[in-house]
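Worksheet for the structure shown next.
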Amino acid sequence: MKKLIIVLLIFILGFSANAQDPHFSQFFSSPLTLNPAFTGKFNGNYRIAGNYRNQWPTINNAFITSTASVDFQLMQKKLVYTDNWGVGIMGYTDNSANGAVKFNYASLSTAYHKGLDEDGYNQIGVGFQITYANMLINTTSLKFEDQLTTSGFTGVTSEIFNNPSSLKSNFIDLNAGVLYTGSSSDKNSYYAGVSIYHVTRPKQTFTGANYLLNMRTTIHGGGNFDMNDNTTLHVSALQSFQGGAAETVVGGAIQFNVSGNEAPKPTSFYAGAWLRFKDALIPYIGLEFDDFRLGATYDINTSSLKNASQKRGGLEISLIYIRRPNTDRNIRCPKF
């Protein structure tokens, strides 16, 4: 059993040391896992976001990641018209090896956005996020050699875990970020930001081993530009670094307004693609209606793992609801 735990521990910590945190292909639809400075940065009263990702589904549910978050704005009537202050909470779960290894996170974030002009169309924001993280190895989901029969792992193991509590770990984490957003006219908007996760490099303690979590630095940006009255181009990109790993994602989507600009809350269809360098091509489709935006991607794996994954990198679904106020003020906030 000790050998099994050591091998499993090396796999988990090795993945954390040489790869990146769990991530979403639709990073633009998971604002609080991308940059704490996105907290409260939207045109509305509150925002609810949910994300689901099933990576490498052909490899026995290798990684399943889900989040749910809500953020909202405070003191809207007391702050200067060009400023806004947001707070948010998020739950985040990442299950590996068909649920045998689980990470659960609970986060509280806040950000203040300061207007740089008299209308508030250009802002600089600073955000912070504190996270409680819990890690668990579910011993009932582990498989051992003496369980293997002609029908699969259907036998009873002789392995006994005398101290299951030693298979748990928890820590407190701190994340921070800055975000600039701007617009030169009512036909465009753009943004750029930098975030650092695991600022304090929290220590994970597990079965007697101690590991300092590597910081993750992400540089990201994007914008949207009206092509005509009913068509808008959205582009975005990010560059992320953690330990010895790096991730580069670039792409965009075209928004087609199918209900006309006279509708108070137009219905739009999105189509596009992103590219994660040396890993996957990511086609995207989306639908925006009323106060909702639904998005779907399916990673087409292009890395050396494509034979094992059958080029199926992962299904991902996102849903964002923004309760938009009844006001003539329409600040163009980041979408992608």
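Only bridges with both residues in the range 167-226 count here: give the DSSP antiparallel percent, nearest 5. Close to 100 percent. Between A245 and E118, the contour length at 0.36 nm per residue exceeds the alpha carbon distance by 41.5 nm. Charged neighbours of Q129, selected by a Cβ distance under 12 Å, balance to -2 (K, R count +1; D, E count -1). Using a cut-off of 31 Å between Cα atoms, the listed pairs K187/K278; K114/K265; K77/K335; K114/K278; K114/K335; K102/K278 include K187/K278; K114/K278 as exceeding that distance.
Amide H contacts of V258 (H built 1.01 Å from N, in plane; Pro and chain starts excluded): T267, S268, F269 sit under 5 Å, all sequence-distant by 5 or more or on other chains. Go ahead and collect, in residue order, the members of the range 252-280 whose backbone nitrogen is under 18 Å from a label point 7 Å along the Cα-Cβ direction of D229. Once the point is set 7 Å along Cα→Cβ of D229, 255-269 turn out to lie under 18 Å by backbone N, inside the range 252-280. Label positions at E262 and L174, each projected 7 Å from the Cα along the C-beta direction, are separated by 5.6 nm.
Annotation for the range 166-251: trypsin sites (Lys or Arg not before Pro) lying in DSSP loop with at most 15 further Cβ atoms inside 10 Å of their Cβ are K187.
When I137, I64, I254 are arranged by Cβ crowding within 10 Å, least crowded first, meaning fewest neighbours, the order is I254, I64, I137.
Working note: Karplus 6.51/-1.76/1.60 with θ = phi - 60° gives the range 74-79 the couplings 10, 6, 4, 8, 9, 7 Hz, where Gly and Pro are set to x.
Every number in this text was worked out from the coordinates using simple rules, so none of it is lab data. These figures come from a predicted structure and were not determined experimentally. For neighbour counting, all protein chains shown are included, and Cβ atoms are generated from backbone atoms with ideal geometry for every residue, glycine included.
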